[in-house]
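The values are calculated or read from the model by the stated rules, or taken from the named source; none is laboratory data. Everything numeric in this text was worked out from a predicted model, so none of it was measured. All Cβ positions, glycine included, derive from the backbone under ideal geometry; neighbour counts span all protein chains shown. Ligands, DNA and RNA are stripped out before the accessible areas are found, and what is left, the full protein with its side chains, is counted by its heavy atoms. Shrake-Rupley method; radii C 1.70, N 1.55, O 1.52, S 1.80 Å.
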Amino acid sequence: MNKIGIIGAMEQEISLLKEKMEEVCITTRASMEFYEGRLHGKQVVVVRSGIGKVNAGVCAQILVDVFGVEAMINTGIAGSLKNEINIGDIVLSTDVVQHDMDASGFGYPLGQIPQMDAFSFEADAHLADLAERVCKRVNPEIQVFRGRVASGDQFISSRSVKEEIKKNFQGFCVEMEGAAIGQTAYLNGIPFLIIRAISDKADDSASVAYETFEKQAILHSVNLTENMLKEL
Ligand code: ADE
């Protein structure tokens, strides 16, 4: 993998990475600033996509078309969908699905995009293996899980909505960009990995928890992403 695209939805999720980059060249496309350069000797393009699936999809396609990235990593935070996944823990994607895709009126299962072969989009197992190994070394105080990431254009802050998503998708965490990045990677035939640190439990306490734990969670995800690059 010669050049890697690193996407964060929010500035806080990528600012630490940008600060450590060398030989930086900044290009603006679709109102997004793409930071091209080196990070720990690796050629990378780091970018803030903005929040939600449309921003993430546009951003990912630009990374492929304009910058020719050969893999994409998404670093960020998420709400936990499982009791055993605690605030601060990391979830690495096995696959990604859009929990708000609903063509059930035509007989499709919830999440299935009509007329596409795949139900969910598979993340790269080698990237996930590496991330898991590195995470255990650099974030030894937290747990790391591998499972499905469910994405939608909603901040999930209700127990009943959370339970519906759990029942329908068997996801490990919920966020707002991963499935768009995974789908774009799939369409372009390149590997991807979603790395999410848990900021809240996606239930009625989510908004308050998010405010409190956002910063700490971001540090775990960024720390992992940065250290992974050293071994890629
Ligand atoms: N990102 C972090 N927490 C989230 C939640 N509860 N829902 C959607 N995206 C999130």
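When region 193-218 is limited to residues that are under 15 Å from the mean Cα position of the chain (by Cα) and modelled with pLDDT of 95 or more, the one that is farthest from VAL134 (Cα to Cα) turns out to be SER199. Answer yes or no: is there a residue in region 115-123 that is surrounded by 13 or more Cβ atoms within 10 Å (Cβ to Cβ), farther than 25 Å from VAL161 by Cβ and in contact (Cβ under 8 Å) with a residue 24 or more places away in the chain. The answer is yes, given that some residue of region 115-123 is surrounded by 13 or more Cβ atoms within 10 Å (Cβ to Cβ), farther than 25 Å from VAL161 by Cβ and in contact (Cβ under 8 Å) with a residue 24 or more places away in the chain. Just to be sure I understand the filter: pairs with C-beta atoms under 8 Å, separated by 6 or more residues or on different chains, first member in region 63-83 and farther than 30 Å from SER160 by Cβ, second member basic (Lys, Arg). Which pairs pass? Pairs found: VAL66/ARG29; PHE67/LYS3; GLY68/LYS3; VAL69/LYS3; GLU70/LYS3. In region 1-10, which residue that is of a type in the set (A, V, I, L, M, F, W, C) and closer than 20 Å to VAL58 by Cα is surrounded by the fewest Cβ atoms within 10 Å (Cβ to Cβ)? Looking at the filtered set, the residue picked out is MET10. Filtering region 68-110 to residues that are more than 16 Å from the ligand (Cβ to nearest atom), within 19 Å of GLN183 (Cα to Cα) and not in a strand (DSSP E or B) leaves GLY68, VAL69, GLU70, ASP102, ALA103, TYR108, PRO109, LEU110.
Among the criteria (1) in contact with a Lys or Arg (Cβ under 7 Å, 6 or more places away or on another chain); (2) open to solvent by less than 10 Å² (accessible area, probe 1.4 Å), the one GLU70 does not fulfil is (2). Taking into account only those residues within region 133-188 that are touching a Leu at 6+ places or on another chain (Cβ under 6 Å) and among the charged types (D, E, K, R), which is least open to solvent (accessible area, probe 1.4 Å)? If we take residues in region 133-188 being touching a Leu at 6+ places or on another chain (Cβ under 6 Å) and among the charged types (D, E, K, R), then LYS166 is least open to solvent (accessible area, probe 1.4 Å).
Yes or no: region 31-41 includes at least one residue that is part of a strand (DSSP E or B), under 17 Å from the mean Cα position of the chain (by Cα) and in contact (Cβ under 8 Å) with a residue 40 or more places away in the chain. Scanning region 31-41 turns up no residue that is part of a strand (DSSP E or B), under 17 Å from the mean Cα position of the chain (by Cα) and in contact (Cβ under 8 Å) with a residue 40 or more places away in the chain. Within region 11-51, the residues that satisfy the criterion of being crowded, with 16+ Cβ neighbours inside 10 Å and among the aliphatic types (A, V, I, L, M) are ILE14, LEU16, LEU17, MET21, MET32, LEU39, VAL44, VAL45, VAL46, VAL47, ILE51.
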